[in-house]
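Below is one structure; the comments refer to it alone.
Quick note: the coordinates plus some simple rules give every number you see, no bench work behind them. All values reported here derive from a predicted model rather than from experimental measurement. Note that each Cβ is placed from the backbone with ideal geometry, even for glycine, and that neighbours are counted across all protein chains shown.
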Amino acid sequence: MAAIIAKVATAETQEIAKIEPLLLEVADVVNTTLDLETTLRRVAELVRKVIHYEIFAILLLNERTQELRFRFQLGYPPEFAERARVKLGEGVTGRAARTREALLVDDVTKEDGYIAAIPSVRSELAIPLIIKNRVIGVIDLEAPEPGYFTEDHKRLLTLIASRMAVGIENAQLYTRSTRQARTLLLLNEIARELTSILNLDQLLKRIGELLSRLIDFQMFSILLIEPGTQKLQHRFSLRFQENIQLKHDITLGHGIVGYAARQKEAVLVPDVNKDPRYVRINPETRSELAVPLIYKDSVIGVLDLEHTRRGFFTDDHRRTVTTLAAQVAIAIENARLYEQVAEQERRLERDLALARELQFRLLPPSAPKLDNLEIAAKFVPARAIGGDLYDFLTYSLARAAILIGDVSGKGAPAAIYAALVSGIARSHASMEPSPAEMLAAINFSLAERRIEAQFVSIIYAVWDDTRKTLHVANSGLPRPVYLHESKMEIIEATGLPLGLFDEAEYDEYTFRAGPGDLFVFFSDGILDARNRAGQLFGRTGAERIIGECGQASAAEVVERLFSAASAHAAGEEPFDDQTVVAIKVKGSAGRGK
């Protein structure tokens, strides 16, 4: 009896001696490996040390679908392993997972419900992977010989599996957390890039390209709700990486994407054939993920992903795309807003270009042709259009009127007001008023239709070409300059701007000019030309240039004054509209008053 006991003890000791190194290797895998693929491969290598096999698999449980899926395998047809889904309770592996017990089958041909993946298989051993009373998968071995696996194999593999489950669980957690970290980094990168794209078509295309880095979809669409409608319109679609045009609009609430938009929630469909909401646009589609694009609590569209494999999209996919959809919605709205602003700017530019053309067409096409007087004029608006104006009006008896005006403000309002002033002046010109009478008449007309904060400063002069006399009145423009026999005189004509007061009177000055005499009128935009140091061109600069123009023609005087003001500003944008009119008596010198 003692001999028998000693023999049994010796056998157990030998068995333990064989197992201990193996368990140490198992512990090494559990403690040193966090990569799931490496862990599964090493499990397979360890099992081969104690059980010689030709067909081996590790199936992991998908908790959402409660299905076992091949994660590592040797000896199975690849297409079977890729597509196979084993529900709990189905086949040997499914029953092992459900009962949480190892199953040893000597002859699978006598087993009800056996899943025949490989026709030559006769025996099978399935060991559940259990951690914290939770099944996470199954280790499965198959052999072509009946009764190939033994109870010792079963006990040994059960021992290994209890420890390997820890390593697999740790590797899964590490893989999941690493994938989530990569996903978050990629989402952040995508969000930054998307906000920098302001062209809507380019943005939609880029969304598809970037999303493919997150999810290996086969079909992808962005549908947007057209303003004022209850329909989703396909704006961008990819089918197997090819851009296609889809004309099929979807009513809100109709189909999976319509449902996602109406309910403002992501919809994950593992098998579209079993979902009555599915609209069969793509016959090859098997699974679908539709995520609404929500901006300020309003749905603006839907991101739709499809795949030919059932159950392809996961809850992780849904969370990822839902997170991304918030950034996509903002980027799309930004692009739409930019397009609206850009279109408004283009329309405004067209309107301003037309207004500029009209404004310049309202200016006299040429100066009056007089026997004894040269006339030159130039107008440059500070913006596309401006509030300065000049005009030449023909009187009888060889007389001509010259009008130079500066409206308060700039841009379109000033230009419209300037056109109004020009029209009023022309309406009164037929009565051939004197300069003081013209200013009073314009003031009276503007007072009748007063516009808040709008007024105009005008110099009005009438030249008599027979008598060579000039009559001048001013209502607020810079005082004109009179150059006679190389002597400069400032014409002290001043007055209140027009349009501010109901009644106003204006002084009138008369000059009897001689050959070579020069009169220069300018708006305050010339004087206000400012350089980078903040220094004005001013009257000093203007009078210096005019003083050097005694022998120059009227046209040369205008160009020199503009060139000097521009040179002083040294490339700075003009602050105000600039207008210069110069008249010069033909011949050479004289004056009277």
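Report Rg(Cα)/(2.2 N^0.38 Å) for segment 47-142, keeping two decimals. Walk me through the numbers before you get to the answer.
On the way: Rg = 12.4 Å, N = 96, 2.2 N^0.38 = 12.5 Å.
After normalising by residue count via 2.2 N^0.38 Å, the value is 0.99.
Have a look at segment 195-339 and give its Rg and Dmax from the Cα atoms, expressed in angstrom.
My reading of the Cα-based Rg and Dmax gives 13.9, 42 Å.
Return an integer: the convex hull volume of the alpha-carbon atoms of segment 393-443, in Å³ per residue.
Details: hull volume 3.7 nm³, N = 51.
Dividing the Cα hull volume of segment 393-443 by its residue count gives 72 Å³.
Figure the gain on full extension for LYS49 and GLN241 (residue separation times 0.36 nm, minus the Cα-Cα span) and round it to one decimal in nm. Can you show the working numbers first?
Numbers: separation 192, 0.36 × 192 = 69.12 nm, distance 4.54 nm.
Working it through step by step, the gained length comes to 64.6 nm.
In segment 224-266, which residues have a backbone nitrogen under 13 Å from the label point lying 7 Å from THR322's Cα in the Cα-to-Cβ direction?
Of the residues in segment 224-266, 264-266 have backbone N under 13 Å from the label point off THR322.
Viscosity 1.306 mPa s, temperature 10 °C: what is the translational diffusion coefficient of segment 189-246 from Stokes-Einstein with a Kirkwood Rh over Cα pairs, rounded to a whole number of µm²/s? Intermediate results must be reported in sequence, preceding the final value.
Working: Rh = 12.3 Å.
Translational D for this selection: 129 µm²/s.
Based on the Cβ-Cβ distance of GLU432 and LYS586, what FRET efficiency does E = 1/(1 + (r/R0)^6) give at R0 = 30 Å, to the nearest 0.05?
Details: r = 24 Å, r/R0 = 0.79.
Efficiency computed from Cβ-Cβ geometry: 0.80.
Pairs of alpha-carbon atoms within less than 8 angstrom and 6+ residues apart define the contacts here; what relative contact order does segment 363-592 have, in percent? Walk me through the numbers on the way to the answer.
Values: 557 pairs, mean separation 56.7, N = 230.
Reported relative contact order: 25 percent.
Would you please classify the overall shape of segment 363-592 from the alpha carbon gyration tensor, given that a ≥ b ≥ c denote the square roots of the eigenvalues, rounded means a/c under 1.5, and beyond that prolate means a/b larger than b/c while oblate covers the rest?
Details: a/c = 1.71, a/b = 1.04, b/c = 1.65.
Taking the square roots of the gyration eigenvalues as a ≥ b ≥ c, segment 363-592 is oblate.
On full extension of the chain, what length is gained from LEU186 through LEU159, given 0.36 nm per residue of separation minus the C-alpha to C-alpha distance?
Numbers: separation 27, 0.36 × 27 = 9.72 nm, distance 4.09 nm.
5.6 nm is the gain from fully extending LEU186 to LEU159.
Past the 30 Å Cα-Cα mark, which pairs from LYS87/LYS110; LYS231/LYS274; LYS110/LYS154; LYS274/LYS296; LYS205/LYS264? Numbers along the way, then the final one.
Details: LYS87/LYS110 20 Å; LYS231/LYS274 25 Å; LYS110/LYS154 20 Å; LYS274/LYS296 34 Å; LYS205/LYS264 24 Å.
Over 30 Å Cα-Cα: LYS274/LYS296.
Work out the charge dipole of the chain with +1 on the Cβ of Lys and Arg and -1 on the Cβ of Asp and Glu about the Cα centre, then indicate which of GLY253, ALA117, LEU518 is farthest towards its positive end.
ALA117
Using alpha-carbon pairs under 8 Å, 6+ residues apart, how would you state the relative contact order of the chain in percent? It would help to have the intermediate numbers written out before the result.
On the way: 1151 pairs, mean separation 48.5, N = 593.
Reported as a whole number, the value is 8 percent.
Give me the Å³ per residue figure for the convex hull around the C-alpha atoms of the chain.
Per-residue hull volume (Cα only) is 235 Å³.
Ranked highest first by the average count of other Cβ atoms within 10 Å around their residues, in what order do 380-393, 361-374, 254-267 fall?
Going by the mean number of other Cβ atoms within 10 Å, highest first, we get 380-393, 254-267, 361-374.
List the relative contact order of segment 34-193 as a percent without decimals, with contacts defined as Cα pairs under 8 Å and 6+ residues apart.
Working: 263 pairs, mean separation 36.7, N = 160.
Here the relative contact order equals 23 percent.
With the cut-off at 1.5 for a/c, could you classify segment 439-522 from its C-alpha gyration tensor as rounded, prolate or oblate?
Working: a/c = 3.29, a/b = 2.21, b/c = 1.49.
Since a/c reaches 1.5 and a/b is larger than b/c, the shape of segment 439-522 is classed as prolate.
Which cross-chain or sequence-distant (5 or more) residues have an amide H under 5 Å from the amide H of LEU293, H modelled 1.01 Å from N in plane?
It is ILE300, GLY301, VAL302, LEU303, by chain and number.
What is the gain in length, in nm to one decimal, between ARG262 and ARG449 on full extension, counting 0.36 nm per residue of separation less the C-alpha to C-alpha distance?
Values: separation 187, 0.36 × 187 = 67.32 nm, distance 5.47 nm.
Between ARG262 and ARG449, full extension yields an extra 61.9 nm.
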